[in-house]
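Any read-out appearing in this document is the output of simple, stated calculations on the displayed coordinates, not a laboratory observation. Just so we're clear, the structure is a prediction, and the values are computed from it rather than from any experiment. Heads up, the Cβs are rebuilt from the backbone with ideal geometry, glycines too, and the neighbour counts pull from every protein chain shown.
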Amino acid sequence: MKQIIIFTLFILSFVFFSCAKDEPVNPEDMQYVYVCSSNSAKTYHLERSCPRLKSCSEDVLEVTRKKARENERVVCTDCDKRKKKSENDTAK
């Protein structure tokens, strides 16, 4: 009986650990972004002051980028352009 319990625990632990995802952690996933809580909104914003976000007629929520992506949001094109421009300016 003791051998059956040990064998069962071994199999369960093997199944549990083999099913774990080995996805690399992306530091940007933990960054906070801003989303409009409107059902029609499809983007997330990198800055609270984004002009496109100001047209939101619902609440503006602060969530992680990972959560925004899980909810099928894409980055705002204006925010993305400003980020890339800022990165290019600091690289010079």
- Message: The conditions are (1) within 16 Å of the chain's Cα centre (by Cα); (2) closer than 21 Å to Pro27 by Cβ, and Thr90 fails exactly one of them. Which is it?
- Response: (1)
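Quick one: count up the residues across the range 67-82 that are outside any loop (DSSP other than H, G, I, E, B) and surrounded by 14 or more Cβ atoms within 10 Å (Cβ to Cβ).
Looking only at the range 67-82, we keep the residues that are outside any loop (DSSP other than H, G, I, E, B), and these are 67-70, 74-75, 77-82.
Going one step further and asking which of them are surrounded by 14 or more Cβ atoms within 10 Å (Cβ to Cβ), we end up with 67-69, 75, 78-80, 82.
Matching residues across the range 67-82 total 8.
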- When only residues in the range 48-66 that are part of a helix (DSSP H, G or I) and in contact with an Asp or Glu (Cβ under 6 Å, 6 or more places away or on another chain) count, which is nearest to Val33 (Cα to Cα)? Arg65
